[in-house]
Amino acid sequence: MKKLLSLLVIVALLALAACGGNDDKSSTPNDSETKGSTSKAKEISIFLGKPEIAQEFEAAIADFSSETGIKVTIIPLAGGNAYERMTSLYSSGNAPTIMMMAQEFDVFKDRLLDLSDQPWVETVQEGMTDFVTIDGSVFGQPTTVEAFGFIYNKAILDQAVNGDFDPTTVRTHDDFRSLLEQLDALEGVDPIHVSPMDWSLGAHLTNPLFASQSADRDERHQFMQDMLDGNVSISENDVFNGWLTTFDLIKEFNSNKNAPLAAQYDDGALALANGKTGIWFMGNWAYPQLHEIAPEGEFGFLPVPISNDLSEFGNKEISVGVPSYWVIDASQSTEDQQEAAKEFLNWLVSSESGQEHYVNEFKFIPVFDNFTVKPEDSLSLSVLSYMEGNYTLEWMNLYYPADGWPSMGAAMQKYLSDNSDREGLIQEFEDYWKNAGE
């Protein structure tokens with residue numbers, strides 16, 4: 001699998017290199033005819049990979065253009081995936097000036113601008129640029145942090161515990177089962193809603209399985225390498241078995257257990273916000289939908305427990321990470337366009353109006369120490385409480401092979417719908433990782 005992925009990357013890069021002299025700025029449509037042109041120097045394009053904030057982003061761009069005179073064209077994802085879209089844009093000589101980039105960084109890094117000298121670099125929180133740092137140089141601005149875990153509706157959990165629900169009381173398997181049973185006893189309320197999409201199961205729900213292996217970064221990454229090398233029997237791995245126990249609890253109390261693969265994404269937001277379920281496994285990106293349905297609702301996060309030992313790493317933590325980065329093209333954009341792009345990134349995280357859009361419109365959680373505009377919604381505050389207490393898990397899914405989460409997600413869908421058993425799930429996981437390492 002690794003050989004195939006490497007071959008695909010090489011082919012893509014060769015196609016880029018062979019396409020119309022894209023690395024020769026004199027041949028690109030936005031340079032020889034436009035360099036030095038005042039009108040073009042004030043025009044940039046931005047590739048936006050988060051369609052859920054498209055409307056809010058347009059409003060931010062309108063304010064930025066009004067304040068600076070820089071015209072901005074937004075390039076949407078428009079279906080498919082970001083890698084395919086960026087490859088197509090580069091091949092056609094129309095690379096965006098600014099791009100929202102994640103796992104694609106390793107493929108495109110040689111075409112990106114070094115941003116190490118930018119003012120915001122001094123304010124970014126520790127570790128937030130590690131993924132886009134090469135030999136000490138920073139090539140991307142983190143967009144935000146996102147978190148995922150068990151989102152709860154506090155009003156419903158208050159009813160379940162007959163009091164003021166305290167999220168710190170749910171940290172182990174027994175705690176989690178007890179809460180699910182209390183929710184199950186409420187009339188008209190399902191304990192938990194499970195969204196069966198492969199990205200939710202395969203990328204997000206699997207993350208604690210890898211991230212909870214050790215509090216030491218090198219050790220948990222070595223575990224992933226051992227999986228690739230075929231040196232792990234996950235049936236004998238304590239964290240895996242604990243993680244699967246939690247998955248079994250999810251299956252047992254799932255609101256859609258009679259048709260577990262039928263639920264759609266919006267079903268979860270509606271069920272949680274309307275009080276039809278107490279818990280939903282999802283991320284804080286769902287807050288705009290939750291807020292729209294229940295403006296007065298209060299929501300928070302619970303960890304995914306991996307054992308009955310409160311002291312074990314992973315039982316108190318939720319998965320928190322940077323989902324993507326803003327990067328600037330250095331191969332097809334002019335120096336004037338690059339300067340305008342830098343101005344936008346600094347405006348977004350340093351100006352009063354930029355911060356207002358960032359926090360209150362995008363619902364982003366700041367990863368910079370200079371923000372005067374602070375999140376006030378309950379879900380963001382819950383994430384921040386875990387961050388402040390250092391109760392966070394690394395986003396190990398950033399390091400999965402390209403087909404990692406779809407493959408594991410498909411295996412988990414089969415298990416969730418009782419089309420495979422424990423041994424079958426273990427076999428599919430081990431076979432996938434062993435073959436991905438070849």
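The values are calculated or read from the model by the stated rules, or taken from the named source; none is laboratory data. Since we're looking at a predicted model, the values are computed, not measured. Cβ: placed from backbone, ideal geometry, glycine included. Neighbour counts: every protein chain shown. Accessible surface areas use protein heavy atoms only, side chains included; no ligands, DNA or RNA. Shrake-Rupley method; radii C 1.70, N 1.55, O 1.52, S 1.80 Å.
Listing for the model above:
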{"read-out": "Count of the range 392-438 residues which are assigned to a loop (DSSP other than H, G, I, E, B) and either within 18 Å of F223 (Cβ to Cβ) or among the charged types (D, E, K, R) (or both)", "value": "9"}
{"read-out": "Selection from the range 62-81 of residues that are crowded, with 19+ Cβ neighbours inside 10 Å and in a helix (DSSP H, G or I)", "value": "F64"}
{"read-out": "Residue satisfying all of: in the range 323-344; aliphatic (A, V, I, L, M) and not in a strand (DSSP E or B); most open to solvent (accessible area, probe 1.4 Å) among these", "value": "A330"}
{"read-out": "Enumeration of residues in the range 373-422 that are farther than 20 Å from P288 by Cβ, among the small types (G, A, S) and buried (at least 18 other Cβ atoms within 10 Å of the Cβ)", "value": "G404, S407, G409, A411"}
{"read-out": "Helices (runs of 4 or more DSSP H) wholly inside the range 87-188 that include at least 1 residues being loosely packed, with under 13 Cβ neighbours inside 10 Å", "value": "105-108, 173-184"}
{"read-out": "Neighbours by Cβ (under 9 Å, 6+ apart or cross-chain): first from the range 292-314, at positive phi and hydrophobic (A, V, I, L, M, F, W, C); second outside any loop (DSSP other than H, G, I, E, B) and open to solvent by 70 Å² or more (accessible area, probe 1.4 Å)", "value": "none"}
{"read-out": "Number of positions in the range 189-202 that are part of a loop (DSSP other than H, G, I, E, B) and surrounded by 23 or more Cβ atoms within 10 Å (Cβ to Cβ)", "value": "1"}
{"read-out": "Check on D309, of a type outside the set (V, I, T), open to solvent by 10 Å² or more (accessible area, probe 1.4 Å), outside any loop (DSSP other than H, G, I, E, B) and modelled with pLDDT of 95 or more", "value": "no"}
{"read-out": "Residues being part of a helix (DSSP H, G or I) and within 20 Å of V322 (Cβ to Cβ) - total across the range 204-217", "value": "7"}
{"read-out": "Test for N360: is it at pLDDT below 95 and either more than 21 Å from the chain's Cα centre (by Cα) or closer than 23 Å to P295 by Cα (or both)", "value": "yes"}
{"read-out": "Test result for T206, out of contact with any strand residue (DSSP E or B) (no Cβ under 6 Å at 6 or more places or on another chain) and crowded, with 20+ Cβ neighbours inside 10 Å", "value": "yes"}
